[in-house]
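The values are calculated or read from the model by the stated rules, or taken from the named source; none is laboratory data. In this text, all values refer to a predicted model and were calculated from it rather than measured experimentally. Cβ atoms come from the backbone with ideal geometry, glycine included; neighbour counts cover every protein chain shown. Calculation scope for accessible area: heavy atoms of the full protein, side chains included, ligands and nucleic acids excluded. Shrake-Rupley method; radii C 1.70, N 1.55, O 1.52, S 1.80 Å.
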Amino acid sequence: AVAIELSNVSFQYEGEWRAALKEVSLHFAPGSKTAIVGPSGSGKSTILDLLLKLRTPSSGVLRLNEVSINELNEESIWRNTRVVLQQSHFFRGTIRDNLLADDQNLDEEREAERLLRVLNAVQLQHLSLKDIVYEKGENLSDGEKQRLAIARAMLRPGTLWLLDEPTSALDYVTEARVMKNLMAQAVNDTLLLICHRLTGLEQMHQIVVMDQGRVVETGTFDELMSQKGYFY
Ligand code: ADP
Ligand code: ADP
């Protein structure tokens with residue numbers, strides 16, 4: 001699994017007068033599961049953008065397994081990470097095309113078995129093999145697309161999961177089932193989950209609370225629950 005470190009990381013979007021991240025220092029141990037919570041605009045998504053090298057920090061260093069990400073190429077990070085971002089725009093082809101990368105070749109029978117198993121894990125078991133091969137991803141509903149994005153992450157290699165509100169469009173029961181399966185698969189991996197709801201956070205090792213670009217609190221679910229004001 002991957003160790004992640006942010007050391008005094010600041011980031012300012014071009015043309016903005018306020019920094020989106022202000023001297024953020026965080027450490028995520030290999031195999032740890034962390035939820036990042038906080039109001040909209042507090043800088044949560046920007047952390048993932050920096051880890052994925054979609055943007056470059058204004059100052060500070062981010063490290064994966066002690067290596068500065070300046071020294072890693074974007075492609076190798078993406079190849080080794082299971083990513084679900086808020087806008088996962090990749091639904092032009094068939095459902096199958098959206099699930100499997102070009103290099104993921106399997107024989108037909110094993111592929112079918114694998115796809116059906118993972119679709120079951122994300123509660124898309126109503127899709128048949130015929131749907132998967134012929135139906136366009138873009139014809140799915142928002143909630144189905146979100147589950148498809150999670151299924152895609154489940155099918156990728158990698159021991160790091162970066163998830164930005166992956167279940168925001170799902171109902172409570174579906175969300176709980178999908179997250180249970182995801183957490184079971186990720187049991188040995190490092191996982192960062194950005195979320196705006198508190199359901200399911202009990203199972204995280206650590207919760208990081210952000211506000212206005214700063215980390216304002218870290219602790220376990222129980223620790224934060226016992227402090228008034230953080231969970232509203
Ligand atoms: P969160 O994920 O907590 O909602 P973000 O990381 O998306 O927060 O945003 C942090 C801050 O950066 C906010 O003030 C937001 O308005 C600003 N911001 C986010 N994306 C952009 C962008 N593309 N251009 C300019 N400002 C941005
Ligand atoms: P690959 O081995 O997948 O072909 P590279 O050889 O280009 O990729 O780079 C692999 C390096 O990238 C490893 O040394 C590893 O430390 C680092 N790396 C980057 N992102 C991750 C990640 N998410 N998980 C593990 N290692 C990563």
**Item:** lysines with Cα under 23 Å of K53, excluding same-chain neighbours fewer than 8 positions away
**Value:** K22, K33, K44
**Request:** Can you pull a Stokes-Einstein diffusion coefficient for the chain at 10 °C (1.306 mPa s), Rh from Kirkwood over Cα pairs, as a whole number of µm²/s?
**Result:** 86 µm²/s
**Fill in**
For the chain, percent of DSSP beta bridges that are antiparallel (nearest 5) comes out at 50 percent
**10 Å-binned pair-distance histogram of segment 1-56 (Cα, whole percent)** = 21, 56, 21, 3
**Message:** Looking at segment 1-119, I'd like the Rg to Rh ratio, where Rg is from alpha-carbon atoms and Rh is Kirkwood's inverse mean 1/r.
**Reply:** 1.04
**Å² per residue, accessible surface of the chain at 1.4 Å** = 52 Å²
**Accessible surface of the chain, 1.4 Å probe, proportion on carbon and sulfur as whole %** = 45 percent
**Prompt:** Given L198, H27, N80, which one lies farthest toward the positive end of the charge dipole of the chain, if we put +1 on the Cβ of every Lys and Arg and -1 on the Cβ of every Asp and Glu?
**Reply:** L198
**Message:** No solvent, one uniform scatterer per C-alpha: report log10 I(q)/I(0) for segment 125-232 via the Debye equation at q = 0.19, 0.22, 0.23 1/Å, two decimals.
**Reply:** -1.08, -1.32, -1.39
**Request:** Report the normalised scattering of segment 30-73 as log10 I(q)/I(0) at q = 0.19, 0.26, 0.27 Å⁻¹, calculated by the Debye formula with identical scatterers on the alpha carbons.
**Result:** -0.70, -1.07, -1.10
**Complete:** Under Stokes-Einstein, segment 66-196 at 4 °C and 1.567 mPa s, with its Kirkwood radius over C-alpha pairs, diffuses with a coefficient in µm²/s of 85 µm²/s
**Request:** Determine the distance separating the Cα centre of segment 143-164 from the Cα centre of segment 191-207; give it in Å without decimals.
**Result:** 16 Å
